[in-house]
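A.B. asks: Have a look at the structure that comes next, please.
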Amino acid sequence: MENRLQAIIMAAGRSSRFKTNRSKLTELICGQEMILYPTKMLEKLNINTSVIVGYRKAEIEQIITRQHKNKINFIEQAEQKGTAHALMCSQAAWNKDHILIMNADVPLVSAELIDKLWSQHLDNSASASFIAAHNLDPALDSYGRVIIENNLVKIIEAKDYKAQTKATGKSQNEPCCINAGIYIFSKNFLNKTISEIQTSSVTGEFYITDLISIASQKGLTVEIVDAPIDQVRGINTLRELWIAEQIKQAEIINHWMTNGVRFQLAQTNCIDLNVAIGAGTVIGQGVHLLGHTDVAQNCKIEPFAIIENSTIDEHTTIKPFTIIKDSTVQKGSSVGPFANLNSNSIIEINSQIGNFVEIKASRIGAETELKGLSYIGSSHVGKEVTVGAGTVVCDHNGHHKANTIIEDCAYIGANNALIAPVIIGAQALTGAGSVITDNVLQGEVAIARARQVNQPNTRLRTNSKHVSLSDATGS
């Protein structure tokens, strides 16, 4: 295939029906930009690919180059005059015997379908081949209609078809087959006929679909490959984007279900394309697994947790409403509920992170317990440490951050403020309510709070239930 077939992806359109002032091809579908679905699929098939760009070309080129480096060639269609005009812009790049041409907005197309189209095209020595699908949904009215009459094949683009229907006042026996926008043409046929395409009287554009009727009228072989509509859905509106993403999402979840992952309420989950999940793991309602997240075997991800670009090791529990980003939770640990891990934090084995704890750019040692309502930032916490509820590491002085070290088996009392930079030595203890500004050596006890003083009340008012602080202190 790679020696005889090259691909051209049509990616120059303005995405006007999205009404977002962005190219639809940059929108994410299950965590991956739309334009990367066809480019990665063609790379899997080892097909040399060129992409025709126009609207928002810099953004599209950046996305593709980041993924494929310099493996894909870009061709600019400076002025959008239709799909055939885009094809004409690419003529200098035709260097194989056959040219695969496809729209960029078909993220559900599989490598197997392209392989089937290629095989049928080659086996029948076709000049032109394309993919069609049966469609009974009247809402999908933006596709070209495939018409076969008197052994001649033609495709009427949607705008032209609507204009003809309006002019005649009848539906022309609405055809059930639509054009998927995926073609293979022989290069010889293209070179001979590309100049024969005329502009549409309705839109003034040059249509690539005219090549199908030209081939058919010349008595050349035209092959049609049927495909399910859900495999070839194009995306022209935000509604169609939503539908395509739901189909892709169901495909992803179905894959993991067949590999031993339980989803307690699958229709509420969001699982990105590049996520991996181990067998025996249970995914709760409303869970989002995003980016390049890797969840190992026998984990429990409880409802409404959001995990992005992170690693969750086996036998780990992530409790409800926990947010984890760019971090690692090692084997046997428990995090949450309502915890937040971020900025490359690491939780080592069998540690317990409690309610409303944020851990930022820190490493938490094995068998360590962090109680609720705490903030640990820019810190290295050793193993078997206990950090009491309400503890805050004060890691920023208004200009820069400083590091805190809590060594093995230390005990941090509740409601401590640790003023970085500071080191709490192994087996050291800090009293509840302390503000620790100096290092605490190994085994020491640090109590950094004002001593409580109880004074007699000399101004007790018989007509007042409460005594003010100024009364009690005599100030």
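A.B. asks: Restricting to region 392-420, name every residue that is outside any strand (DSSP E or B), at pLDDT 95 or above, out of contact with any Asp or Glu (no Cβ under 8 Å at 6 or more places or on another chain) and closer than 14 Å to Thr437 by Cα.
C.D. replies: Matches in region 392-420: Asp395, Asn416.
A.B. asks: Checking Ile423 against (1) of a type outside the set (D, E, K, R); (2) within 28 Å of Asp294 (Cβ to Cβ); (3) not in a loop (DSSP other than H, G, I, E, B), which test does it fail?
C.D. replies: (2)
A.B. asks: Continuing with the same structure: For the condition farther than 30 Å from Ser333 by Cβ, over 19 Å from the mean Cα position of the chain (by Cα) and not assigned by TED's automatic domain parsing to the domain that holds Lys159, what is the one hit in Asn236, Asn298?
C.D. replies: Only one candidate qualifies: Asn236.
A.B. asks: Could I ask something else about it? Can Ala111 be described as touching a strand residue (DSSP E or B) at 6+ places or on another chain (Cβ under 8 Å) and touching a residue at least 24 places away in the same chain (Cβ under 8 Å)?
C.D. replies: In short, no.
A.B. asks: Keeping to region 14-26, report how many residues are surrounded by 14 or more Cβ atoms within 10 Å (Cβ to Cβ) and more than 16 Å from Arg66 (Cβ to Cβ).
C.D. replies: 4
A.B. asks: Tell me which residues, restricted to region 355-378, are assigned to a loop (DSSP other than H, G, I, E, B) and either under 22 Å from Ala296 (Cβ atoms) or of a type in the set (Phe, Trp, Tyr) (or both).
C.D. replies: Phe356, Ser362, Gly365, Ala366, Glu367, Thr368
A.B. asks: Another one. How many residues are touching a residue at least 40 places away in the same chain (Cβ under 8 Å) and among the charged types (D, E, K, R) when one looks only at region 252-277?
C.D. replies: Final tally of qualifying residues: 1.
Condition check ((1) aliphatic (A, V, I, L, M); (2) under 31 Å from the mean Cα position of the chain (by Cα); (3) in a helix (DSSP H, G or I)) across all residues:
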position	(1), (2), (3)
Glu61	no, yes, yes
Ala78	yes, yes, no
Leu87	yes, yes, yes
Asn95	no, no, no
Met102	yes, yes, no
Glu112	no, yes, yes
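A.B. asks: Please go through region 119-159 and pick out each residue that is in a strand (DSSP E or B) and more than 27 Å from Gln6 (Cα to Cα). Spell out how you get there, then give the answer.
C.D. replies: Narrowing region 119-159 to residues in a strand (DSSP E or B): 128-134, 145-149, 152-156.
Once the filter is applied, which keeps residues that are in a strand (DSSP E or B) and more than 27 Å from Gln6 (Cα to Cα), region 119-159 yields His134, Ile147, Ile148, Glu149, Leu152.
A.B. asks: So the check is Cβ under 9 Å with 6+ separation or different chains; which pairs have a first residue in region 13-24 that's hydrophobic (A, V, I, L, M, F, W, C) and a second one that's surrounded by 17 or more Cβ atoms within 10 Å (Cβ to Cβ)?
C.D. replies: Phe18/Lys24; Phe18/Glu27; Phe18/Ile235; Phe18/Asn236; Phe18/Leu241
Residue-wise test of (1) in contact (Cβ under 8 Å) with a residue 24 or more places away in the chain; (2) within 20 Å of Ile359 (Cα to Cα).
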site	(1), (2)
Ala279	no, no
His292	no, no
Asn298	no, no
Phe304	no, yes
Glu314	yes, no
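A.B. asks: Exactly one condition in (1) under 21 Å from Thr268 (Cβ atoms); (2) at pLDDT below 95 is false for Pro303; which is it?
C.D. replies: Result: Pro303 passes all but (2).
A.B. asks: Got at least one residue in region 174-196 being among the polar types (S, T, N, Q), within 22 Å of Pro107 (Cβ to Cβ) and at pLDDT 90 or above?
C.D. replies: Looking for residues that are among the polar types (S, T, N, Q), within 22 Å of Pro107 (Cβ to Cβ) and at pLDDT 90 or above, one finds at least one in region 174-196, hence yes.
The values are calculated or read from the model by the stated rules, or taken from the named source; none is laboratory data. Remember, it's a predicted structure, so these values are computed and weren't measured experimentally. We place every Cβ from the backbone using ideal geometry, glycine too, and count neighbours over all the protein chains shown.
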